[in-house]
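**Q** Sharing a structure here in structure tokens format.
The values are calculated or read from the model by the stated rules, or taken from the named source; none is laboratory data. Bear in mind that the values here come from a model prediction, so they are computed numbers and not experimental data. A quick note on method: Cβ atoms are made from the backbone with ideal geometry, for glycine too, and the neighbour counts reach across all protein chains shown.
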Amino acid sequence: MFGSGDPDNPMGGLLGDLLKVIGSAPGGSDTWFDAARTLAHGVATDGESDDNADPLVRIAFEELARVAELHVADATGISLTAGGTTVSFDAVGPGQWSYRALTAYRPTLQLMVEAQQQAAAAVPPSIDEGLLDEPSGGIGGLLGQFALTLGPVLLGMQFGSAAGHLARRAFGQYALPLPWPESNTLLLVPSNVAKFAEDWSLPLQEVQLWVCLRELTMHAVMTRPGVRSSLNLLLSDAAAHAAASQRSMVERLGDGLGDPAALEGVLSDPESLLADLISPEQQHVSNALTALTTSIGAYVDHVTAGIASTLTSSPAALGEAWYRYRVEDTKGEQAFAGLFGLNVGQVEVDRGASFIDGVVERAGEDALTRLWADERDLPTPAEVDAPGLWLARIGLLD
């Protein structure tokens, strides 16, 4: 029987030991989340402590938020105090932000993990038939269990790495234009805001106000029932279609598990296993989700810039700094967005800006309020590329 004490079969001992470590992790079947959370915190904080925000900074953001809230409601026509509850901010460090983000998106990520597990169960590892004759399944049994167990952990590591990198750059809750669980408390990351202001030589208080404006505008859009339901449906569809790509990943893992040398190659390059997460079946959903989030992000930028032009001393510098910050080639936004089939690179940033500019040029600022008025009015991918099509469909183009 293979085990860690069998000198003739070190691979069996290695797999057995790994399975013991993985299987004994807190959370049982939630091992992938524990792996994601641990790695995310380490990446987000660079292994350092995640200090709480200075109480004075918290107070400053709360005061700025009250000013920002009135302007956002006026610019969007969307009340942020529906039901008599005002929006508040919770200042956190990057490590805490990464954990909260993983928790917020956990239902969608869980669907991806389940798809991977189903694929692993359906595709047994490619192994030497002779190994199956060993007592208790021998190394063959270990390999099968290893494929089922390691896949979710690899996914968890990918989730955690992406969330950790994004946490190092996130200013607030809506680092990506995706819905969070319903709440009137929004996250802010003061240390990232302060670093941005310092790096770009911008007045800190004006940057703090700008962040409040942007987060509140995004929240106003995300709380529209049609927007929220459409995004959640697209996210669920994207996760549901992940089975094909997960099956491909498991097949590659299984092929490697049949040969110790091949296994070493597979495990030494985990990114290659996860490189093609978007399957052809997902592309249609990905296009729709990207188009919608692109238009949302561009609208939020447009409204934020408009308000900032009247409340800050250097709106042009703020806008330029934010644009350059967004289009930087970094791991954070692209990696985390890619989990959901999103593209948030410079092409999409420019595409969204062109759409909003096209709407305003043809029909004026008031036309933008129709974007989120009804779920049926949300722009399609083709309409984001041709704003005249959207205006004509909703009856705003003569």
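**Q** Scan region 196-224 residue by residue and report those that are assigned to a loop (DSSP other than H, G, I, E, B) and out of contact with any Asp or Glu (no Cβ under 9 Å at 6 or more places or on another chain). Quick ask: steps written out before the conclusion?
**A** In the first step, residues of region 196-224 are kept if they are assigned to a loop (DSSP other than H, G, I, E, B); the result is 200-203, 223-224.
Ser201, Leu202, Pro203 - these are the residues of region 196-224 that are assigned to a loop (DSSP other than H, G, I, E, B) and out of contact with any Asp or Glu (no Cβ under 9 Å at 6 or more places or on another chain).
**Q** Look at region 61-91 and say how many of its residues are part of a helix (DSSP H, G or I) and aromatic (Phe, Trp, Tyr).
**A** Within region 61-91, the subset part of a helix (DSSP H, G or I) is 61-76, 82-84.
From the residues that got through so far, the ones that are aromatic (Phe, Trp, Tyr) too are 61.
The total comes to 1.
**Q** Still on this structure, I have one more. Give the number of residues within region 292-321 that are touching a residue at least 40 places away in the same chain (Cβ under 8 Å), part of a helix (DSSP H, G or I) and not β-branched (Val, Ile, Thr).
**A** Residues meeting the conditions: 13.
**Q** If only one of Asp90, Asp54, Asp74, Asp46 is closer than 17 Å to Gly164 by Cα and out of contact with any Cys (no Cβ under 7 Å at 6 or more places or on another chain), which one is it?
**A** Just a single option satisfies the conditions, and that option is Asp46.
**Q** In this structure, is Ala162 free of Cβ contacts under 8 Å to residues at least 40 places away in the same chain and in a helix (DSSP H, G or I)?
**A** Working: free of Cβ contacts under 8 Å to residues at least 40 places away in the same chain: no; in a helix (DSSP H, G or I): yes.
No: the conditions fail for Ala162.
**Q** Picking from Asp366, Asp301, Asp329, which residue would you name as being surrounded by fewer than 23 Cβ atoms within 10 Å (Cβ to Cβ), modelled with pLDDT of 95 or more and not aliphatic (A, V, I, L, M)?
**A** That would be Asp301, the only listed residue that is surrounded by fewer than 23 Cβ atoms within 10 Å (Cβ to Cβ), modelled with pLDDT of 95 or more and not aliphatic (A, V, I, L, M).
**Q** State which residue is nearest to the chain's Cα centre (by Cα) when the search covers only region 273-291 and only residues that are modelled with pLDDT under 90 and in a helix (DSSP H, G or I).
**A** The initial filter retains those residues of region 273-291 that are modelled with pLDDT under 90, namely 273-286.
Filter once more, so that each one left must be in a helix (DSSP H, G or I): 273, 280-286.
Values: Leu273: 19, Pro280: 20, Glu281: 20, Gln282: 17, Gln283: 17, His284: 19, Val285: 16, Ser286: 14 Å.
Restricting to residues being modelled with pLDDT under 90 and in a helix (DSSP H, G or I), the top hit is Ser286.
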